[in-house]
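Report on the structure given below.
The values are calculated or read from the model by the stated rules, or taken from the named source; none is laboratory data. If you're wondering where the values come from, they're calculated on a predicted model, not measured in any experiment. Here the Cβ is made from the backbone with ideal geometry for all residues, glycine too, and neighbour counts use every protein chain on show. Areas reflect the complete protein model, heavy atoms only, side chains present, ligands, DNA and RNA absent. Shrake-Rupley method; radii C 1.70, N 1.55, O 1.52, S 1.80 Å.
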Amino acid sequence: MEATRLSSAKPVNALKPTKELSLDEDATKASDALPLPLHLTNAVFFTLFFSVVYFLLSRWREKIRTSTPLHVVTFSEIVAIIAFFASFIYLLGFFGIDFVQSLVFRPTPDVWISEDEEEENEVLLRKEDARKVPCGQALDCALPPLPPQAPIVAAQKVFDEKPVTVLTEEDEEIIKSVVAGTTPSYSLESKLGDCKRAAAIRREALQRLTGKSLSGLPLEGFDYESILGQCCEMPVGYVQIPVGIAGPLLLNGKEFSVPMATTEGCLVASTNRGCKAIHLSGGATSVLLKDGMTRAPVVRFGTAKRAADLKLYLEDPNNFETLSIVFNRSSRFGRLQGIKCAIAGKNLYMRFTCSTGDAMGMNMVSKGVQNVLDFLQTDFPDMDVLGISGNFCSDKKPAAVNWIEGRGKSVVCEAIIKGDVVRKVLKTSVESLVELNMLKNLTGSAMAGALGGFNAHAGNIVSAVFIATGQDPAQNVESSHCITMMEAVNDGNDLHVSVTMPSIEVGTVGGGTQLASQSACLNLLGVKGASKEVPGANSRTLATIVAGAVLAGELSLMSAIAAGQLVKSHMKYNRSSKDVSKA
Ligand code: ADP
């Protein structure tokens, strides 16, 4: 879609390398050779051209009237003819280049799209984008008061662009020793003390070892120091994922531009349409119901009786204070909320829940749990700790415990979509949406034996926002648990839609959230880093935004299905037209 937008705005410039060069302010331009500024030179030649044309035409008319042969020319006519050709060549050279290049560099349908399609898309885009932020053109809606705008700060360079890494002779020796197996690849960072160089050497060694090229996987333009010991080991480059923006999402009276990192065509456009429908209907409301990360170690005893003894001890309210003091020692932000136990024979699973401030909290809760396990060992010396995680947590796996008890942030988000908006923006009817929701998201999912999957595509939006904002993408599994409800309200005129998501696991500090690109996306949402006012406020807001974006995504996809547009739009925007067999 973006390609369409570019090509329809100015098809040639988008492909013209010469213009790109002109972006460099210091580059020498041909116009620098002119004695006058460019606009004055143009004015002189324009005036000259039209004056001599006028002069020559009037001379021509004169000669016809007086029957003078045309080839008999005076000195002034010779000068005028020379001036005519000179100015014509100048003007052709200046203004004709764009035209000629537009023929030479015409984009092929392979790269962009066919003209017919372009026109169609142009219409579609105009319709979509007729919404001058924040309201639509077709439907009137009262503008909600916007927060005062912060002044626009000039774009900042995240890190200096460095020249492409050139491998030295010394690097060559190291590459050879990595290939020979004498230098372990994982030790390059600590040995060289330069993460970028380590990545370049590892990459080259890998290419030689495998005989496969990594060209296409960029190495330059990434801060390898920022991931050391935190985000990724043994890097050889980074994968680029485009980030699109859906919004503004009007949620709890505030507008959010939601960044979505995805390679699935239609997804951002569709979520954007959902945001538009929500905005035109007055916005959505999102409520955080619970906020607690969990970790459940598994311990084993000699008998089931002993396992039950510990269960009773842990669940006795009189012991909670002692346990929470022990647990809370691990962090300024981790605060024990409760312990829920399950027994399987002699084995006990203890599900600890704690608040974790603005962190997603897995590390934090694990540290607290370790403290408690060490403490319990005194009173229960026969307790055999099998694992800090016993899967009753339950992390990155579909599990009923998260669906029922919640994990991370539990959020409900709702909106009432006006019937008019359903018809004009979503191109369907309230009745069709309610019926489809019942048969697809509720009955269909029940027939499939779904666990937390009573929705159309919550996982799509959750994954895209997670990747853009530096969340753990694997936690998409339980974070996408969602039940979507739709009901006709206001005498059947309007649509009440809601998403209930019990286990959204997000943070705004720690993990990938501190990386430059991800933190820029968090910044866009106004939830970057630790909240200065209330610890945890940023991560909680982020969870509500995720739910709001899911609400938008659900509305739009369900409408596309109800209106029978899904396959058509995916064939158009989500299907490669390239012949991959030739790639
Ligand atoms: P996680 O527990 O999500 O895996 P980390 O433990 O890696 O995350 O990151 C949390 C770190 O950030 C902790 O060291 C914590 O002390 C620090 N921190 C700073 N400010 C906050 C905050 N507002 N909320 C939570 N943690 C914070």
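Considering only the stretch 307-314, I want to know if a residue exists there that is aromatic (Phe, Trp, Tyr), more than 14 Å from the ligand (Cβ to nearest atom) and either assigned to a strand (DSSP E or B) or out of contact with any Cys (no Cβ under 6 Å at 6 or more places or on another chain) (or both). Checked the stretch 307-314: at least one residue is aromatic (Phe, Trp, Tyr), more than 14 Å from the ligand (Cβ to nearest atom) and either assigned to a strand (DSSP E or B) or out of contact with any Cys (no Cβ under 6 Å at 6 or more places or on another chain) (or both). Once the stretch 542-558 is narrowed to residues that are of a type outside the set (A, V, I, L, M, F, W, C) and out of contact with any Gly (no Cβ under 8 Å at 6 or more places or on another chain), the residue that is most open to solvent (accessible area, probe 1.4 Å) is Thr544.
Residue check: is Val365 in contact (Cβ under 8 Å) with a residue 12 or more places away in the chain, open to solvent by 30 Å² or more (accessible area, probe 1.4 Å) and in contact with a strand residue (DSSP E or B) (Cβ under 7 Å, 6 or more places away or on another chain)? It is false that Val365 is in contact (Cβ under 8 Å) with a residue 12 or more places away in the chain, open to solvent by 30 Å² or more (accessible area, probe 1.4 Å) and in contact with a strand residue (DSSP E or B) (Cβ under 7 Å, 6 or more places away or on another chain).
In summary, Gln565 fulfils each of the numbered conditions (1) closer than 12 Å to Gln471 by Cα; (2) touching a residue at least 60 places away in the same chain (Cβ under 8 Å) with the single exception of condition (1). Going residue by residue through the stretch 281-300, is there one that turns out to be assigned to a helix (DSSP H, G or I) and either crowded, with 24+ Cβ neighbours inside 10 Å or more than 16 Å from the ligand (Cβ to nearest atom) (or both)? Within the stretch 281-300, not a single residue is assigned to a helix (DSSP H, G or I) and either crowded, with 24+ Cβ neighbours inside 10 Å or more than 16 Å from the ligand (Cβ to nearest atom) (or both). If you go through the stretch 412-451 and keep only what is open to solvent by less than 10 Å² (accessible area, probe 1.4 Å) and not in a helix (DSSP H, G or I), you end up with Cys413, Ala415, Ile417, Leu426. For the stretch 330-360, which residues satisfy the criterion of being away from the ligand (no atom under 16 Å from the Cβ) and in contact with a Leu (Cβ under 7 Å, 6 or more places away or on another chain)? Ile339, Cys341, Leu348, Met350 - these are the residues of the stretch 330-360 that are away from the ligand (no atom under 16 Å from the Cβ) and in contact with a Leu (Cβ under 7 Å, 6 or more places away or on another chain). Of all residues in the stretch 526-570, those satisfying the criterion of being among the β-branched types (Val, Ile, Thr) and either closer than 12 Å to His457 by Cβ or in contact with a Leu (Cβ under 9 Å, 6 or more places away or on another chain) (or both) are Val527, Thr541, Thr544, Ile545, Val550, Ile561.
Here Gln337 meets each of (1) surrounded by fewer than 19 Cβ atoms within 10 Å (Cβ to Cβ); (2) touching a Lys or Arg at 6+ places or on another chain (Cβ under 7 Å); (3) within 20 Å of Gly507 (Cα to Cα) with one exception, condition (2).
Restricting the stretch 514-573 to residues that are closer than 21 Å to Cys413 by Cβ and of a type in the set (Val, Ile, Thr), which is farthest from the ligand (Cβ to nearest atom)?
That would be Ile561.
Residues of the stretch 377-411 that are in contact (Cβ under 8 Å) with a residue 24 or more places away in the chain, more than 25 Å from the chain's Cα centre (by Cα) and part of a loop (DSSP other than H, G, I, E, B): Phe380, Asp382, Met383, Ile388, Ser389, Gly390, Asn391, Phe392, Cys393, Ser394, Ala399, Gly406. Considering only residues in the stretch 304-331 that are more than 21 Å from Met364 (Cα to Cα) and among the polar types (S, T, N, Q), the one that is most open to solvent (accessible area, probe 1.4 Å) turns out to be Asn318. For the stretch 368-411, a residue qualifies if it is closer than 25 Å to Gly459 by Cβ, crowded, with 16+ Cβ neighbours inside 10 Å and more than 16 Å from the ligand (Cβ to nearest atom), and the qualifying residues are Phe392, Ser394, Ala399, Val401, Asn402, Trp403, Glu405, Gly406, Ser410, Val411.
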